[in-house]
Amino acid sequence: MNFSDSEIVASIMKDNDYALAADISQADVIFVNTCSIRDRAEKRVRNRIQEFKSLKKHNKSLVVGILGCMAERLKLQLLEEEKFVDMIVGPDAYRDIPKLLTKVESGQKGVNVLLSQEETYSDLNPVRLDSNGVTAFISIMRGCQNFCSYCVVPLTRGKERSRDASSIIQEAKGLFDKGYREITLLGQNVNSYKDENGYNFATLLKKVALINPLLRIRFATSHPKDISDELLDTIAAHHNICRSIHLPVQSGSRSILKLMNRKYDREDYINRIDAIKKKVADCAISTDIISGFCDETEEDHRQTLSLMKYAAFDFAFMFKYSERPGTHAAENMQDNIPDNIKSRRLEEIIALQKDLSLKSNNKDIGKTFEVLVESFSKRSKEFVSGRNSQNKMIIFPQKDFKPGDYVQVKVTACTSASLKGEAV
Ligand code: 5AD
Ligand code: SF4
């Protein structure tokens, strides 16, 4: 999401006659797009901006702006703590950046942290950053109002709002015409997508899938409480909607899910896993897991491990609980699991996932997949790499393949992180 937001900022800057600097040392303006999701993310931003502070010593007119969730969360406090910073801009105020830059040029600070109920940045001329020319992100909605008790996102990104379907479809068509072959539709909770003309996520997805059978579609993130049968049927009906669903579970324990305010329980989640496996053949499922949430017992933790085994996740993002100021959990619950216990549980979760990923990859040996080539392998030009529909990276020997080609690849070997194969 932040990567896509940086592209939104880049397109606003481009429309105002700014260009990307080839190197940070040549920049007149530096923006850092920030994340507040865990304390560690914020610490990394604090470290990174010290670099900009030293650049400013050599170039007095250099403008430094902090954008995104940390700007929204800390507001003017950030200016007090980091005096060299010139601009603070929240996630809904990027259109104001050119005006704020003029203010900074006149010697003032540029601040806008207003949240909006409407802004979806739907009418921009998109700019792609660090592009491989094959895969791209399209933001389809902003904000979140699920208020999971641990999560800062509803506070930093505001109310949920959907971008109109026609501008999304137009952007996807434009990408396909430029040679892109895979787009990922993005939102904090794509299943609650709903535009003013009556599109829901399933109908939007179908419309995007019909642009061209050679355009692959991915999406993230789905909330388990509203991943509908209609959506699963839509995926099953279109070959180019990828067989890969990211479905964050967070915990396998009924009582922890309740404390987290996730609005589903263990059985509901299992029901959705069963529905995916029944309706969408060969669908990979990935997840997010938080270890050591408030009051989590060893039994709760075992419930998480057992659910992981039941779902047989292909991949997972796994985190230690990090208390975020202002959230319901921070204000009403005790962050009472000692750090060493959080770490031990997290290690057990990571070890189990490694095992599950390896098992999942082992099952692919001998199978043939359609792979979209994304790039030449980092290690050697003699290999290319790309993903299959299940979002697994496959590396295979070069035979004049180029990014954007679809190649049938037979898997010959694997690790827990990737597959190796040969074109057939
Ligand atoms: N602590 C740890 N992990 C968190 N996430 C969100 N908030 C927190 C937090 N306070 C994780 C969730 C979410 C992912 C994007 O980040 O697993 O799905
Ligand atoms: Fe955060 Fe929950 Fe919204 Fe995801 S659904 S962004 S975890 S509040």
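The values are calculated or read from the model by the stated rules, or taken from the named source; none is laboratory data. Being a predicted model, the structure only gives us computed values, none of them experimental. Reconstructed Cβ throughout: ideal geometry from the backbone, glycine too, with neighbour counts over all protein chains shown. Ligands, DNA and RNA are excluded from the accessible area calculation, which covers all protein heavy atoms including side chains. Shrake-Rupley method; radii C 1.70, N 1.55, O 1.52, S 1.80 Å.
Table for the structure above
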read-out: Solvent-accessible area of Thr135 with every protein chain in place, 1.4 Å probe, in Å² to the nearest 10; value: 40 Å²
read-out: ³J(HN,Hα) computed for each position of the range 51-57 - Karplus, 6.51 cos²θ - 1.76 cosθ + 1.60, integer Hz, glycine/proline x; value: 4, 5, 4, 6, 4, 5, 5
read-out: Leu231 accessible area, assembled protein chains, probe 1.4 Å, Å²; value: 0 Å²
read-out: Cα→Cβ-extended label distance, 7 Å offset, between Gln170 and Ser380, nm; value: 4.8 nm
read-out: Listed residues Phe376, Phe84, Phe31 arranged by accessible area, highest first, probe 1.4 Å; value: Phe376, Phe31, Phe84
read-out: For Ser377, distant residues with modelled amide H under 5 Å away; value: Phe383, Val384, Ser385
read-out: Amide H partners (placed H, <5 Å) of His246, local residues excluded; value: Ser222, Ser286
read-out: Accessible area per residue in Å² at 1.4 Å probe, computed on the chain; value: 47 Å²
read-out: Over the chain: helical MRE at 222 nm, DSSP H runs n ≥ 4 each giving -39500 (n - 2.57), nearest 500; value: -11000 deg cm²/dmol
read-out: Sequence-distant lysines (8 or more away, or on other chains) whose Cα lies within less than 25 Å of Lys103; value: Lys14, Lys53, Lys56, Lys57, Lys60, Lys75, Lys83
read-out: Karplus-derived 3J(HN,Hα), 6.51/-1.76/1.60, for each residue of the range 131-145, Hz, glycine and proline x; value: 7, 8, x, 10, 10, 8, 9, 10, 6, 10, 7, 10, x, 7, 10
read-out: Highest-MSF residue in the chain out of Thr102, Thr221, Thr234 [GNM, Cα springs under 10 Å]; value: Thr102
read-out: Distant-in-sequence amide H partners of Val63 (H built 1.01 Å from N, under 5 Å); value: Val29, Ile30
read-out: Free-standing Cys residues across the chain, given no other cysteine C-beta under 4.7 angstrom; value: Cys35, Cys69, Cys144, Cys242, Cys283, Cys294, Cys414
read-out: Length gained when the stretch Arg302-Phe3 is fully extended (0.36 nm per residue, less Cα-Cα span); value: 104.2 nm
read-out: Contact order relative to length of the range 40-145, as percent, for alpha carbon pairs under 8 angstrom and 6 or more apart; value: 19 percent
read-out: Two-site FRET efficiency, Met333 against Val424, from Cβ-Cβ distance with R₀ of 45 Å, rounded to 0.05; value: 0.25
read-out: Gyration tensor verdict on the range 2-112 (Cα atoms; rounded if a/c is under 1.5, prolate if a/b is larger than b/c, oblate otherwise); value: rounded
read-out: Karplus (6.51, -1.76, 1.60) ³J(HN,Hα), θ = phi - 60°, over the range 277-291, in Hz, Gly and Pro reported as x; value: 5, 6, 8, 10, 4, 6, 8, 7, 10, 10, 8, 10, 9, 10, 9
read-out: Lys178-Ser343 pseudo-label distance in nm [points 7 Å out on the Cα-to-Cβ vector]; value: 4.5 nm
read-out: Loop-resident sites, the range 1-96, for trypsin sites (Lys or Arg not before Pro), counting at most 12 other Cβ within 10 Å (DSSP); value: Lys60, Lys83
read-out: The chain: relative contact order in percent, alpha carbon pairs under 8 Å with at least 6 residues between; value: 11 percent
read-out: Rounded, prolate or oblate (a/c below 1.5 giving rounded, otherwise prolate when a/b exceeds b/c) for the range 105-153 by Cα gyration tensor; value: oblate
